[in-house]
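Before any comments, here is the structure.
The values are calculated or read from the model by the stated rules, or taken from the named source; none is laboratory data. Note that this is a predicted model, so its numbers are computed, not measured. Positions of Cβ are backbone-derived with ideal geometry, glycine not excepted, and every protein chain shown enters the neighbour counts.
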Amino acid sequence: MINTYEIDPLQDVRWLPLLTRHSHSTVFHTPAWLSALKQTYGYAVSALTTSAPGEDLKNAVVFCRVQSWLTGRRVVSVPFADHCTPLVNRAEEFECLLSTLQRECEGRKRSYIEIRSVSDRRERARGFSESGRFHLHRLDLRPSLDELFNGLHPSCIRRRLARALKERFVYEEGRSEDLLQKFYQLAILTRRRQYLPPQPLAWFRNLIRSLGEQLKLRVISLSGKPAAAIMTIQFQRTMTYKYGFSDSRFHPLGSMQLLLWKAIEEAKTAELSEFDMGRTDWTNEGLATFKDRWGCRRFNITHLRYPAITTRLERASLRTSLAKPLFAWAPDTILTVAGNLLYRHMA
């Protein structure tokens with residue numbers, strides 16, 4: 001029988017070397033991301049490995065224990081990440097680590113476990129079933145910048161970029177409080193349009209504090225009004241587009257296309273190998289097609305849940321559980337309060 005050991009990835013000095021070595025590691029595995037989760041939402045962060053104390057880490061599954069009076073007690077790998085593939089190389093390791101987590105559910109300490117993985121490991125996850133499915137779009141940055149530009153959709157991307165370059169957009173980047181306020185102003189506007197509250201401002205502040213120079217806010221404005229903003233995070237040789245918000249009045253001017261292209265140019269200049277354009281809901285074909293038009297390749301993200309369910313669950317959505325008019329017409333202060341109260345329960 002293989003032994004498993006629980007470790008603290010925020011404190012264990014072996015954690016970062018494992019991330020450096022493992023091909024599946026992403027920013028969502030890093031102490032910086034996990035620390036921001038703990039600071040903002042109070043989640044208990046942990047990881048399981050088959051490597052004994054004193055040995056180099058060979059594998060791990062990182063997760064948060066979420067305790068919510070509203071949505072139950074569960075294990076999630078990991079909250080608010082687009083994906084967090086287990087850092088394992090062999091099926092036996094994966095089975096062993098998941099078996100340890102399963103015993104938490106069997107002892108009624110947790111209602112369920114959810115693993116969010118790019119790799120399709122359903123055949124190895126006994127007792128688990130699919131609870132959600134998403135697209136992941138990744139852009140290969142190895143071609144030249146000219147080749148990347150020529151791979152863009154001629155009308156939906158290149159023509160919008162040409163339009164944006166004719167406008168008098170003011171571009172800013174960094175991590176300042178002023179940029180964060182512009183970013184969050186657009187977050188409120190976008191989430192209202194989606195009938196949802198915005199994420200807590202503290203979440204974005206903690207990400208900036210934890211990730212430091214790895215993170216960048218990019219904002220463009222026109223006539224003094226913020227038009228669009230994105231957050232990108234660099235980890236190893238990948239730049240990840242994590243959040244994007246906009247004022248829809250500026251969409252015809254190519255505001256988001258301009259921001260994304262600037263980020264891709266910077267990633268190419270830094271000699272990165274990949275631009276991760278993030279997760280898209282399986283049913284949101286419009287957004288998936290938009291990302292396709294950048295020359296991205298689609299991958300599948302599968303959410304695996306234990307105990308197994310007989311039918312695939314559609315991800316719970318605030319827009320279906322709470323009244324749309326509240327978020328469509330409520331003052332900004334009410335929206336932000338709602339986000340502060342609700343997001344910790346929606347991991």
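Below is a table of values for the structure above.
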read-out	value
Residue tally, condition touching a Phe, Trp or Tyr at 6+ places or on another chain (Cβ under 7 Å), over 22 Å from residue 265 (Cα atoms) and touching a residue at least 60 places away in the same chain (Cβ under 8 Å), over the range 161-197	5
Test: residue in the range 30-37 that is in the same structural domain as residue 79 (by TED's automatic domain parsing), over 17 Å from the mean Cα position of the chain (by Cα) and of a type outside the set (Phe, Trp, Tyr)	no
Selected residue [crowded, with 21+ Cβ neighbours inside 10 Å and polar (S, T, N, Q)] from 223, 210, 246	246
Subset tally (residues that are in contact with an Asp or Glu (Cβ under 8 Å, 6 or more places away or on another chain) and in contact (Cβ under 8 Å) with a residue 40 or more places away in the chain) for the range 268-291	5
Condition check for residue 46: surrounded by 15 or more Cβ atoms within 10 Å (Cβ to Cβ) and either in a loop (DSSP other than H, G, I, E, B) or modelled with pLDDT under 95 (or both)	no
Condition check for residue 180: out of contact with any Gly (no Cβ under 7 Å at 6 or more places or on another chain) and part of a helix (DSSP H, G or I)	yes
Every pair of residues 6+ apart whose Cβ atoms lie under 7 Å, when the first sits in the range 37-48 and is in contact (Cβ under 8 Å) with a residue 40 or more places away in the chain and on the phi > 0 side of the Ramachandran plot while the second is of a type outside the set (Val, Ile, Thr) and part of a strand (DSSP E or B)	none
Residue match in the range 67-74 (condition: buried (at least 20 other Cβ atoms within 10 Å of the Cβ), touching a Pro at 6+ places or on another chain (Cβ under 8 Å) and closer than 18 Å to residue 116 by Cα)	no
Of the criteria (1) assigned to a loop (DSSP other than H, G, I, E, B); (2) over 30 Å from residue 293 (Cα atoms); (3) of a type outside the set (D, E, K, R), which one residue 101 fails	(1)
Residue that is surrounded by the most Cβ atoms within 10 Å (Cβ to Cβ) [pool: residues in the range 271-286 that are among the hydrophobic types (A, V, I, L, M, F, W, C) and farther than 20 Å from residue 156 by Cβ]	272
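Residue-wise test of (1) touching a strand residue (DSSP E or B) at 6+ places or on another chain (Cβ under 6 Å); (2) more than 26 Å from residue 126 (Cβ to Cβ).
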residue: 22; (1), (2): yes, no
residue: 30; (1), (2): no, yes
residue: 34; (1), (2): yes, yes
residue: 47; (1), (2): yes, no
residue: 51; (1), (2): no, no
residue: 77; (1), (2): yes, no
residue: 84; (1), (2): yes, no
residue: 104; (1), (2): no, no
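Yes/no per residue for (1) more than 16 Å from the chain's Cα centre (by Cα); (2) closer than 15 Å to residue 97 by Cα:
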site	(1), (2)
1	yes, yes
10	yes, no
20	yes, no
53	yes, no
64	no, yes
